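The values are calculated or read from the model by the stated rules, or taken from the named source; none is laboratory data. Given the structure is predicted, the values throughout are model-derived calculations rather than measurements. Every residue, glycine among them, receives a Cβ derived from its backbone with ideal geometry; neighbour counts consider all protein chains shown. These accessible areas exclude ligands, DNA and RNA; they are computed on the full protein's heavy atoms, side chains included. Shrake-Rupley method; radii C 1.70, N 1.55, O 1.52, S 1.80 Å.
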Amino acid sequence: MTTKKEHPSETIAGSVESFIPTLLPYKQELGINLKIRPLSHRILEKLVPEYKFKLGQGLVEPAKPKALDIIKNSLEEQLPIPLIVNIGTSKWFNGTNPDRNIAGFSELLMFEQLSHLSHRVESVYPRGVTWTILAEDLTNEWLYSRINPLEDVKRNNQVYLESLNNMLQTVIPYLNLQVEMIRESDILQQPGSEISQYHDLLDQNQQLFREYFEAVIPQEAQFLLQLGPNNLDQETWEKYVSNYLSCLTVYQQLLSSGWNGGVHPYQREYYSRQFEKSGGDQAKNLEYISAYFGSVLARREFKFVQRAAKGKKTIKVAFLRYPKGTNNKEKTAITVSQHPLYGHGASHQRISPWAAITNLEYDSRQQVSLRVRPIREQDKDPELNMEINYAGVSVPVNIFSADIID
């Protein structure tokens, strides 16, 4: 059992002050690129989209070719490069702590990161990029209310999104961002009953995935035995999909709705662990997991990304914890989120603007790093409290000792 030790707060504060410039604002990276390449390829290098992940299919085709087409079209029309990122809407899934469910250090890092990407592109293409931030308010209200009071969830989501929008409007002139935040509810505020239809689809999809899991889970033990410990055999999985899943009526129903490849058991286990961190044991049950996968499918079916981009093709950024290499030269500023099967992408040491809090931690040498902590751990006492003043806003930052964090 480790104990909380005394620390020289001035030394720690000094370490934090020297660490923050490594996060904000990356100005050292905007150098001259002497390599002779077509402009579209140089822009792509600044964005660094590597792979595309799609639940049900895992790692699919590299994202670069499609992104390159979008960049070329923008160049031909002399327009900014369109980028879109999906965001969550609440840190406390259970609807509690509305006063603390507000934008803070994580979100400030997120906006700075978007600004950094914009500046990278502007260094080779003055028209830069435009950002669309798509908030999943309708989806998350429905999903979180599967296990929590709806009114509490709606209140929390509203508090978070209002605080996020207030921060965004403040930092835009400081960070020189071209950005628009839009909610799912904004997209569906049209004549007709689209919101009601969307809720009905979410309910139907939850039922469909529950039937799917009930049919396949009894068969998965045998499949996992074939894999062996810590050994993902993609060929075995593909045979399982072809020889077993494709014979199930419920799988064919998912297929006809746009879901392909089933749900690998490792994927289900991965998301179950993530849900437990934020929602507790009740978020691990089959009903909630079915609701989550059902909501992913429903968002596809309602084409929220395309509609938020007003029908134009856009490069979708899978947000984004924090750039690999926070303390070294490898700051590409964009990376796909960690995938439950393949493990590519970000680690959990990087920012998480929602469902968790980004803090700082220091070790016995007063070396400082980012630390993402689940909401349920927020009652632990920090070693030191500071405020970061940046881009017109002031946000609190908690600093913890690595010696007392599990």
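Summary of computed values
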| quantity | calculated |
| --- | --- |
| Full-stretch length increase - GLN252, ASN166 - with 0.36 nm per residue and alpha-carbon distance subtracted | 26.5 nm |
| Residue-span extension gain [ASN97 to GLU151] - 0.36 nm each, minus C-alpha spacing | 18.1 nm |
| Computed E for GLN204/LEU39 - FRET, C-beta separation, R0 41 angstrom, nearest 0.05 | 0.35 |
| Cα-only Debye scattering, region 153-226: base-10 log of I(q)/I(0) at q = 0.23 Å⁻¹ | -1.07 |
| Accessible area (Å², per residue) of region 134-259, counting only protein heavy atoms and a probe of 1.4 Å | 50 |
| GLU17-ARG273 pseudo-label distance in nm [points 7 Å out on the Cα-to-Cβ vector] | 3.9 |
| Cβ-derived FRET efficiency at R0 35 Å, SER193 paired with ALA215, nearest 0.05 | 0.60 |
| Calculated FRET efficiency for the pair GLU301/LEU224, C-beta based, R₀ 45 Å, to 0.05 | 0.90 |
| LYS380-LYS312 pseudo-label distance in nm [points 7 Å out on the Cα-to-Cβ vector] | 4.4 |
